[in-house]
Ligand SMILES: [Zn+2]
Ligand SMILES: [Zn+2]
């Protein structure tokens, strides 16, 4: 009994990341209080990650929230720190499993509403819109949105107070003292929170490998305004569709020299609509549709396009291939990549840049001029936040393992003594300190495949990946009542080099011929024998083993 008492964590405040610690994307962080078998949970963010080359046909990856869903009456709510896909994009997919209120800012609520509508959930999800800087209570958690600066409207850090301790969950942030839109970072409030005492800072790690301080949006704006003012032909700017500051900057640069703004791409039009519904871009004037592009002289146009990450169906990819139905660029025109290429998208982005080069169009990227600044803190900004908050302990989040490790080392170097590197699916005791890894919970990833959510491990993407390397062979066999072949073997290949069919058909015939007739009655056994020998024959002739499917029909 003593031993049980020793490990009784019923008074602990715990932290369970289900995504976001070990990858950039798929953010999903849970905070829990109460006894281990009856904890109240708060979920902070519920985002997606984009599928990789190794996951063919998978556009979106979700965190597996089955552990929380299995006890959903104990989930008090989901709080969204901001409207980026990696923080909000999974809500419409996973809410049916979780069925709890969702708390977010007015702008995030606008973005979320579009997604819920697409999913047919707009009347079902209780979305509780919280004003910026407001305090609210969710179950046993006393919460407060604290405004920060980032690369989308209305980003907040979240102050989480419980009987057991106080956590500042940073969300995504940078220190921008001259943002283009919004109320800026609430430095005064963060200092007050630090004065009152912070047990744990759970903090963005994305840019910890970079020294110094990120440039401000105002510096980016000045550069873009200068480039647009000097341009002679058409100017196109591509950026993240959700980057309202950058949209505002582009509009200002256009208006300053009498250019009309043409928006190309649905995602960006949606963002503009959501932003206007919240009072942003109210002085931006009219945005023209792509159909109006053809009526304007080159020096009167500024195009705002989606597709800065090389997405093949997005506006800029189609314009660069000269395949867009309404918009085309010509020699002497200019494209600004006002973005950073997210690791993994380099090939797609360089394909677009090569296509633009073929069209003799000038391209300016962040390597050439200050046309982009990241929304995440570099070391100088992290140091500043630590000095305001003076947390007793720190947990790095929002990073790949290398970012988390570097952030942990950096925080220790800055004098924070209690630092722990988290892992998805581990439960960490935050308070009372010190930080400790106390338990594990089931976790994982789910694939969005078309309209369905499917498992990753034995799901369709794995089989598709295999097919993409080796192709497939389909073998159709018809046997009569005496177990003899009643017709020629039907053999179809897909994704194999030409000329292998005869060898493969012969291998299938031999496999049947060498099986004693009584054993041919066991269809599964016979199919397996055929499959193995067709694969072996392919390997002999070709050096690769295709996927082989055998179907046997009995007359
Ligand atoms: Zn973000
Ligand atoms: Zn993020």
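We did not get these values from a lab; they are worked out from the coordinates using the rules stated. Values in this document were obtained by computation on a predicted structure and should not be read as measured data. With ideal geometry, Cβ positions are generated from the backbone for all residues, glycine too; neighbour counts draw on all protein chains shown.
In percent, what relative contact order does the chain have, based on Cα pairs under 8 Å that are 6 or more apart in sequence? Provide the component values of the computation, followed by the final result.
Details: 1214 pairs, mean separation 82.8, N = 555.
Relative contact order, the chain: 15 percent.
Fewest first, what order do 542, 41 take by the number of other Cβ atoms within 10 Å? Intermediate results must be reported in sequence, preceding the final value.
Values: 542 17, 41 24.
The order, fewest Cβ neighbours first, is 542, 41.
Give me Rg over Rh for the range 185-334, both radii from the alpha carbons and Rh done the Kirkwood way, two decimal places. Write down the numbers at each step before the final one.
Working: Rg = 18.7 Å, Rh = 17.4 Å.
Ratio of gyration radius to Kirkwood radius for the range 185-334: 1.07.
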> In degrees between 0 and 90, to the nearest 10, how far off the longest principal axis of the chain does helix 379-389 point, with axes built from Cα atoms?
Replying inline: 60
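Just rank 65, 33, fewest to most, by other beta-carbon atoms within 10 angstrom.
Details: 65 27, 33 24.
In increasing order of surrounding Cβ atoms, one gets 33, 65.
Please work out how much length the chain gains when fully extended from residue 296 to residue 257, using 0.36 nm per residue of separation minus the C-alpha to C-alpha distance, in nm with one decimal. Before the final figure, lay out the partial values.
Working: separation 39, 0.36 × 39 = 14.04 nm, distance 1.44 nm.
Answer, rounded to one decimal: 12.6 nm.
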> Nearest-5 percent of antiparallel DSSP beta bridges in the chain?
Replying inline: 50
> Any idea what angle helix 460-470 forms with the longest principal axis of the chain, computed on alpha-carbon atoms, 0 to 90 degrees, nearest 10?
Replying inline: 60
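I need the fraction of alpha carbon pairs in the range 260-397 separated by more than 21 Å, rounded to a whole percent. Can you show the working numbers first?
Numbers: 5036 of 9453 pairs.
Within the range 260-397, distances greater than 21 Å cover 53 percent of Cα pairs.
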>> Checking the a/c ratio against 1.5 first, then a/b against b/c, what shape does the Cα gyration tensor give for the range 192-255?
In response: prolate
> Using 1/(1 + (r/R0)^6) with R0 = 51 angstrom and r between the beta carbons of residue 555 and residue 326, what's the FRET efficiency to the nearest 0.05?
Replying inline: 0.30
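Given 37 °C and 0.692 mPa s, compute D for the chain with the Stokes-Einstein relation, Rh being the Kirkwood radius over Cα pairs; round to the nearest whole µm²/s. Walk me through the numbers before you get to the answer.
Details: Rh = 26.4 Å.
Calculated translational D: 124 µm²/s.
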>> Taking just the alpha-carbon atoms of the range 82-183, what radius of gyration and Dmax come out, in angstrom?
In response: 14.2, 41
> Counting each DSSP H run of 4 or more residues in the chain as -39500 (n - 2.57), what helix-only mean residue ellipticity at 222 nm follows after dividing by all residues, to the nearest 500 deg cm²/dmol?
Replying inline: -9500 deg cm²/dmol
>> Which log10 I(q)/I(0) values does the range 471-554 give at q = 0.15, 0.18, 0.24 Å⁻¹ under the Debye formula, counting every alpha carbon as one identical point scatterer?
In response: -0.47, -0.67, -1.13
> Hey, fewest Cβ within 10 Å first, where do 87, 426 land in order?
Replying inline: 426, 87
> Hey, with R₀ at 30 Å, roughly what FRET efficiency would residue 452 and residue 266 work out to, going by the Cβ-Cβ distance, to 0.05?
Replying inline: 0.85
>> If I fit a long axis through the Cα atoms of helix 106-118 and take the longest principal axis of the Cα atoms of the chain, what angle between them do I get, 0 to 90°, rounded to 10?
In response: 20
> Can you give me the Cα centroid spacing of the range 96-128 and the range 457-523 in angstrom?
Replying inline: 49
